[in-house]
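Peer 1: Attaching a single structure in structure tokens format; questions to follow.
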Amino acid sequence: MVNQVLIHHSLNMAAINEDLIQKVFDKMIKYRPALLSCLLRSDTDEEADYRIKGDLVIKNFPWPIGVELRRLFSASMRHPGRLRLDQIFKTIERTAQFISFVMVCQLWIDVANNKIVIPKPVREEFARRFCVLTLGNFCWLIRTLAKLYSAEKAGWFIAEMNDQLNEEFLSLLDFWIPERNEIGHYQINLNEEEIERRCVEYEDKLSLILQRLAFITGYSLVSVREIKVLKPRIHEAKFHHIIDLLNSTDSDFREKEIDEERYSDSNSVLLMKSIKSFNDYLSLSPLIIDTHSETIDTKEKFEIRKDIFMFSKYKDNHLMYIGTEVTDKCDLRSLSNYDILLEEYRELMLKISGVIV
């Protein structure tokens, strides 16, 4: 009977997408009630209503997660096959990567400000794991840092993480580690029926994780393109920020300009509590970077692609990144701020692990 239900379910992947979208959207509006105003007033066009909710889920999760959801919700992924199964894993992996990077960037700041003391075993394990990142390492980071902050009674920049990153959530992540090794690396062969069943089962597990992380949609991910100093003769200086709002509807990020009494981090990707002010933000540099503002003015820069990139590996004194839309390998060492990114990474490693890389 269970097999029949699973197979029947797997033949209707659109309905499963719709179920995931509805459940995640319902959680999102808890943190962003204004999203309800984006829905159609009429209840007669359910398909349009579903499409709008799907777009809002994609758009309001941070870009690295949202772009994977955009792929998962696409028409080409509705068949319960290997491509869809792989995309589910990719979405989980990118989600864990983003959350772990947020946690690591805050840890770096808190250690530098003597707010957190890291036990020696954690420092040593961090040094071993943070040079080559895998899903297992992302999950280890989330679990370890969640326990560390709980033990230290320290608060997160994202306040909701104090309650939501509990043992129940961590167990949801733990499930994926052996599965990723098994499926993602193609170490076993699955027949068509097994793939269909896993698509259904793992869709449900992905839905649970996204529901637990819906709080992240209450924050804004932005890229600081430029900061200009404004200093009229009779007034105090202000800093004119030109930023891009990183959403996942398409790659044409919406530009916004903000005058602020303090300056933020230039050429950096920031997580902000409010898009109206830079009073409270978390810089995700050098782990997440935006190359859209880079000017391709030399032959050495021809290989640079315009994208949001995520740190993936440190090898041979070289930072390596993977693109969120760009699929081919890109050497980013010709970036105008690459030396700063490298210096930031080394400082991060020194502060957290005590190791000079």
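Peer 1: Work out the charge dipole of region 72-214 with +1 on the Cβ of Lys and Arg and -1 on the Cβ of Asp and Glu about the Cα centre, then indicate which of Ile88, Ile99, Pro121 is farthest towards its positive end.
Peer 2: With unit charges placed on the Cβ atoms, the residue in question is Pro121.
Peer 1: Here is a follow-up. Each label point is 7 Å from the Cα along the Cα-to-Cβ direction; what then is the distance between the points at Ser277 and Lys306, in nm?
Peer 2: 3.4 nm
Peer 1: At 4 °C and 1.567 mPa s, grab the translational diffusion coefficient of region 261-357 from Stokes-Einstein with a Kirkwood Rh over Cα pairs, rounded to a whole number in µm² per second.
Peer 2: On the way: Rh = 14.6 Å.
Stokes-Einstein gives a translational diffusion coefficient of 89 µm²/s.
Peer 1: What is the distance, in nm, between label points placed 7 Å from the Cα along the Cα-to-Cβ direction at Asn113 and at Lys315?
Peer 2: 3.6 nm
Peer 1: Could you size up the charge dipole of the chain around its Cα centre, putting +1 on the beta carbon of Lys and Arg and -1 on that of Asp and Glu, and report it in debye to the nearest 20?
Peer 2: Details: 48 positive and 56 negative charges, 165 e Å.
I would put it at about 800 debye.
Peer 1: Which of the following values of Cα extents along the principal axes in Å was calculated from the structure shown: (i) 54, 49, 41; (ii) 69, 41, 36; (iii) 74, 52, 50?
Peer 2: Only one listed value fits the structure, namely (iii).
Peer 1: Could you list Ser274, Ser37 in order of exposure, starting from the residue whose Cβ has the fewest other Cβ atoms within 10 Å?
Peer 2: Details: Ser274 12, Ser37 7.
Ascending Cβ contact count within 10 Å gives the list Ser37, Ser274.
Peer 1: May I pose another question? What 222 nm value per residue comes from the helices of the chain, counting each DSSP H run with n ≥ 4 as -39,500 (n - 2.57) and dividing by all residues, nearest 500 deg cm²/dmol?
Peer 2: Result for the chain, helices only: -15000 deg cm²/dmol.
Peer 1: Next up: Would you order Asp316, Asp280 from fewest to most other beta-carbon atoms within 10 Å of each residue's own beta-carbon?
Peer 2: Details: Asp316 6, Asp280 10.
Final ranking by Cβ density, sparse to dense: Asp316, Asp280.
Peer 1: If the limit is 27 Å between Cα atoms, which of Lys228/Lys276; Lys27/Lys205; Lys30/Lys59; Lys53/Lys228; Lys273/Lys301 go over it? Write out the running numbers ahead of the final one.
Peer 2: Values: Lys228/Lys276 17 Å; Lys27/Lys205 15 Å; Lys30/Lys59 16 Å; Lys53/Lys228 37 Å; Lys273/Lys301 34 Å.
In this structure, Lys53/Lys228; Lys273/Lys301 lie more than 27 Å apart at Cα.
Peer 1: I'd like the FRET efficiency for Glu168 and Arg128, computed as 1/(1 + (r/R0)^6) with the beta carbon distance as r and R0 of 25 Å, rounded to 0.05. Walk me through the numbers before you get to the answer.
Peer 2: Details: r = 28 Å, r/R0 = 1.11.
Computed FRET efficiency for Glu168 and Arg128: 0.35.
Peer 1: With unit charges on the beta carbons (Lys and Arg positive, Asp and Glu negative) and the dipole taken about the Cα centre of the chain, which residue among Ile322, Ile109, Asn267 sits farthest to the positive side?
Peer 2: So the residue furthest toward the plus end is Ile109.
Peer 1: On to the next question. Given an 8 Å cut-off on Cα distances and at least 6 residues of separation, report the relative contact order of region 220-353 as a percent.
Peer 2: On the way: 237 pairs, mean separation 21.7, N = 134.
Relative contact order for region 220-353 comes out at 16 percent.
Peer 1: Can I ask one more? Pick out, from Ser336, Ser353, Ile65, the residue whose Cα sits farthest towards the positive end of the charge dipole of the chain, with +1 on the Cβ of Lys and Arg and -1 on the Cβ of Asp and Glu.
Peer 2: Ser353
Peer 1: Find, among the chymotrypsin sites (Phe, Trp or Tyr not before Pro) in region 258-357, those assigned to loop by DSSP (not H, G, I, E, B) with at most 10 other beta-carbon atoms within 10 angstrom. Numbers along the way, then the final one.
Peer 2: Numbers: sites: Tyr263, Phe278, Tyr281, Phe302, Phe309, Phe311, Tyr314, Tyr321, Tyr338, Tyr345; in loops: Tyr263, Phe278, Phe302.
Those satisfying the criteria are Phe302.
Peer 1: Another one. Helix 338-353 versus the longest principal axis of the chain: what is the Cα-based angle in degrees, 0 to 90, to the nearest 10?
Peer 2: The angle comes out at about 80 degrees.
Each reported figure results from applying straightforward, stated rules to the coordinates on display, with no laboratory input. Keep in mind that what you see is a predicted model, and the values were worked out from it rather than measured. All Cβ positions, glycine included, derive from the backbone under ideal geometry; neighbour counts span all protein chains shown.
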